[in-house]
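These notes concern the structure reproduced below.
The values are calculated or read from the model by the stated rules, or taken from the named source; none is laboratory data. A quick note: this is a predicted structure, and the numbers were derived from the prediction, not measured. Here the Cβ positions follow ideal geometry from the backbone for every residue, glycine too, while neighbour counts run over all protein chains shown. SASA here: full protein model, heavy atoms, side chains in, ligands and nucleic acids out. Shrake-Rupley method; radii C 1.70, N 1.55, O 1.52, S 1.80 Å.
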Amino acid sequence: MAAQQGVDALAATQAIGPKELESAAKTAKVRIQPGDVVLIRTGWIRHWPDQRKYYSVQSGQPGITVEAARWATDQGVACLGSDNFAVEVMPTPNGGHPVHVHCLVEKGVHLLEVANLEDLSRPRPTSFIWCWSP
């Protein structure tokens with residue numbers, strides 16, 4: 001998402017909705033299919049050395065909205081991952097963790113948090129084999 005918007009990192013509290021996910025998929029010339037893992041690079045991991053900033057809920061973190069999560073699960077994804085600590089935008093608009101509830105509880109879709117996607121983003125691959133050992 002950061003590269004899609006031409007920035008190193010999205011702004012704190014920037015919400016990523018279904019239109020942004022659709023646009024990114026279209027730009028990458030990929031179609032999200034059942035069983036896919038969708039990784040969302042916000043660039044937020046760049047704040048990791050200063051963990052107070054990285055984990056600060058007060059300042060916020062960019063991430064997906066529950067509408068974006070619903071769009072992804074409607075495509076049949078097996079996992080949503082991001083480089084922030086919650087996958088979803090923080091703080092959430094109405095409190096709680098609606099993306100977590102939707103994905104984990106309602107749909108059984110895994111969430112991958114705190115993924116370092118920096119090296120993967122440099123060659124800008126749009127698809128690759130994903131091997132994940134819990």
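Show which lysines lie in cross-link reach of K19 when reach means a straight Cα distance below 22 angstrom and same-chain residues fewer than eight apart are skipped.
Once the sequence-local lysines are set aside, what remains near K19 is K29, K107.
Could you give the accessible area per residue of the chain, probe 1.4 Å, as a whole number in Å²?
Numbers: 7600 Å² over 134 residues.
Heavy-atom SASA per residue in the chain reads 57 Å².
Quantify, in whole percent, the carbon and sulfur part of the accessible surface of the chain (1.4 Å probe; protein heavy atoms only).
Values: 4000 of 7600 Å².
Roughly 53 percent, rounded to a whole number.
In whole percent, what relative contact order does the stretch 75-134 give with Cα contacts below 8 Å and a gap of six or more residues?
Relative contact order, the stretch 75-134: 41 percent.
Could you work out the helix-only [θ] at 222 nm for the chain, with each DSSP H run of four or more residues adding -39,500 (n - 2.57) and the total divided by the number of residues, to the nearest 500 deg cm²/dmol?
Working: 4 runs with 28 residues, N = 134.
It lands at -5000 deg cm²/dmol.
If each of Q51 and A25 carries a label point 7 Å out from its Cα toward its Cβ, how far apart are those two points in nm?
3.6 nm
Hey, what does the equivalent ellipsoid look like for the chain, semi-axes from the Cα gyration tensor as sqrt of 5 times each eigenvalue, largest first, whole Å? Don't skip to the answer; put the middle values down first.
Values: eigenvalues 83, 66, 40 Å².
Value: 20, 18, 14 Å, ordered largest first.
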